[in-house]
Amino acid sequence: MTHVAIIGGGPGGYEAALVAARHGAEVTIVERDGWGGSTVLTDCVPSKTLIATADVLTEVAESLELGVELPSGVHADLAQVNRRVLDLALAQSRDIGERLASSGVRTVRGTGRLVSGTTVEVTTPDGDVDTLEADAVLIATGAHPRVVASAQPDGERILTWEQVYALQEVPEHMIVVGSGVTGAEFASAYNGLGARVTLVSSRDRVLPGEDPDAADTIEDVFRRRGMDVLGNSRMASVERIGDRVVVTLTDGRTVEGSHCLLALGSIPNTEGLGLAENGILLDDGGFVRVDRVSRTTAPGVYAAGDCTGVLMLASVAAQQGRIAMSHVLGSAVHPLALSEVSSNIFTSPEIATVGLSQKKLDEQGIEADVAMLPLAANPRAKMQGVRDGFVKLFARRGSGTVIGGVIVGPRASELIHVVSLAVMTSLTVDQVANAFTVYPSMSGTVAEVARRIHRPE
Ligand SMILES: Cc1cc2nc3c(=O)[nH]c(=O)nc-3n(C[C@H](O)[C@H](O)[C@H](O)COP(=O)(O)OP(=O)(O)OC[C@H]3O[C@@H](n4cnc5c(N)ncnc54)[C@H](O)[C@@H]3O)c2cc1C
């Protein structure tokens, strides 16, 4: 029987553990903080639960146009919202722990460290030290929020994304520093919850690196909803003065608010794990180097998830973990294909993408046909009062195969699945266009965009 030891109980680790146990391996998983990892306890699950409330309030605020008469002063009780967020996260963590145990996985609470390519040392919360021998080891230790010396979180007014769920009231003025995915999602959420929001972006527009049309759309929506978006504004320091926070920018300007949320990126949890000592190559940022089947540079040692920095998504972490286990256990292995990954930014409206972006097409010199239509022209969108958003598709020139797409709109995370299927199975724009869509429906626009790319022979 193959023995597998896994360090880290987030999606990279626990999904791998479940797959390996199902395939008959003897699996031990070691977790320091809680089953489900940051995904469940501090990052993905809590933020999306908070956003669920913000989305309802945003919809309510915009439903006047649909003839809905509202009592004045509809608002969120943030203490109650955050209680729900934390309860839901803990319940999910408990479910995952139980699922691991009932699947035959040995679960160990403690901190793991690699002693050799086949040995993991575990220090339990009581300080006891145990040793695990394994045929293969998976490192899935995740990442934590980056903080800088000049902007130290205090857990009350200056916050990382892990600390916001202790807030008892909607902040009067939340300053969000960082306009990447996390910064944009929280700025959108607190705006929806009724806070005044200032978004400090070091670049000329929000969501650098994402589809430019999507970024422009969301920035327009943010401004229309009253958010202050400060472009080309780099944070130098954040200071708490009494019950206020002052964010000083590198050009000397200051922004004063009641709270500041730091969204400055993530640092991999790879320090003190014994990785370099055991021949595992890390890059300059401390991320573990892996290939497409999750192998590190040490034989028998695999890595998955945020600690690899490949693509910091729960879905990718889980897939890297599963791929590693297929490789260890000799099952059919499908190497990680980033060109098939779909992802979503949970702003309001949402931004969902799959496959190749315009940037990647340009970099790789791939000739593509592109078409884009606004959702505002869609009959269902008109009925629902949806003004913002679009569908964009990329198709390989010549064959017409769908190779990427961007959808901005309500529930774009759900709508993108059809494009994801098209990319994964190499459907052509004609096949997508000819599949029936419900009338009226938002997916009608996906078919219509595909139709626009079709070129009569
Ligand atoms: C605010 C926010 C929102 C996000 N929302 C989404 C989203 O909507 N969708 C999405 O796909 N992704 C989302 N992500 C990204 C997603 O959370 C990560 O990609 C995911 O957590 C990575 O999973 P992982 O298993 O690599 O790490 P984690 O989930 O971080 O799990 C790693 C685990 O390892 C444990 N650990 C670390 N060191 C040790 C050690 N030495 N011994 C034992 N245990 C150890 C940690 O305690 C942790 O529990 C979000 C990220 C953030 C910051």
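The values are calculated or read from the model by the stated rules, or taken from the named source; none is laboratory data. As the structure is a prediction and not an experimental result, all values here were calculated from the model. Quick reminder, even Gly has a Cβ in these numbers, built from the backbone with ideal geometry, and neighbours come from all protein chains shown. The accessibility values were calculated without ligands, DNA or RNA, using every heavy atom of the protein model including side chains. Shrake-Rupley method; radii C 1.70, N 1.55, O 1.52, S 1.80 Å.
A few remarks follow.
- Secondary structure note: in segment 154-271, about 40% of the DSSP beta bridges are antiparallel.
- Probe 1.4 Å, all protein chains present, accessible-area order of 47, 443, largest first: 443, 47
- Tail weight of P(r) past 10 Å, computed on alpha-carbon pairs of segment 126-166, percent: 80
- DSSP-defined antiparallel bridges as percent of all bridges, the chain, nearest 5: 60
- Relative pair counts by distance (%), Cα atoms of segment 1-110, 10 Å bins: 14, 34, 21, 15, 11, 5, 0
- When you restrict to C-alpha pairs under 8 Å that are six or more residues apart and normalise by the size of segment 145-297, the relative contact order lands at 26 percent.
- C-alpha center-to-center spacing [segment 311-339, segment 71-86] in angstrom: 38
- Put a dot 7 Å past the Cα of residue 166, heading toward its Cβ, do the same for residue 116, and the two dots end up 4.4 nm apart.
- Distance from segment 388-457 to segment 341-371 (C-alpha centre basis), Å: 12
- Extending 7 Å from the Cα toward the beta-carbon at both residue 59 and residue 103 defines two label points whose distance is 3.2 nm.
- Counted residue by residue at 0.36 nm each, then reduced by the alpha carbon distance between them, the extension gain from residue 146 to residue 359 reaches 74.0 nm.
- Each of 1, 383 has its accessible area taken with a 1.4 Å probe; listed largest first, they run 1, 383.
- Debye-sum result for the chain in log10 I(q)/I(0), which assumes one identical scatterer on each alpha carbon, at q = 0.10, 0.12, 0.14 Å⁻¹: -0.82, -1.14, -1.38
- Amide H partners (placed H, <5 Å) of residue 2, local residues excluded: 26
- Mean accessible surface per residue for the chain, computed with a 1.4 Å probe while every protein chain stays in place, in Å²: 46
- Here residue 360 sits with roughly 90 square angstrom of accessible surface, probe radius 1.4 Å.
- For segment 148-236, dividing the convex hull volume of the Cα atoms by the residue count gives 91 Å³ per residue.
- Over segment 255-394 - Rg/Rh using Cα atoms and the Kirkwood inverse-distance radius: 1.09
- Sequentially through segment 14-26, phi angles give Karplus couplings (6.51, -1.76, 1.60; θ = phi - 60°) of 6, 5, 5, 4, 5, 5, 5, 5, 4, 8, x, 7, 8 Hz, Gly and Pro residues having no value and appearing as x.
- When its C-alpha radius of gyration is set against 2.2 N^0.38 Å (N residues), segment 327-457 gives a value of 1.10.
- For segment 95-173, alpha-carbon Rg and Dmax in angstrom: 18.6, 54
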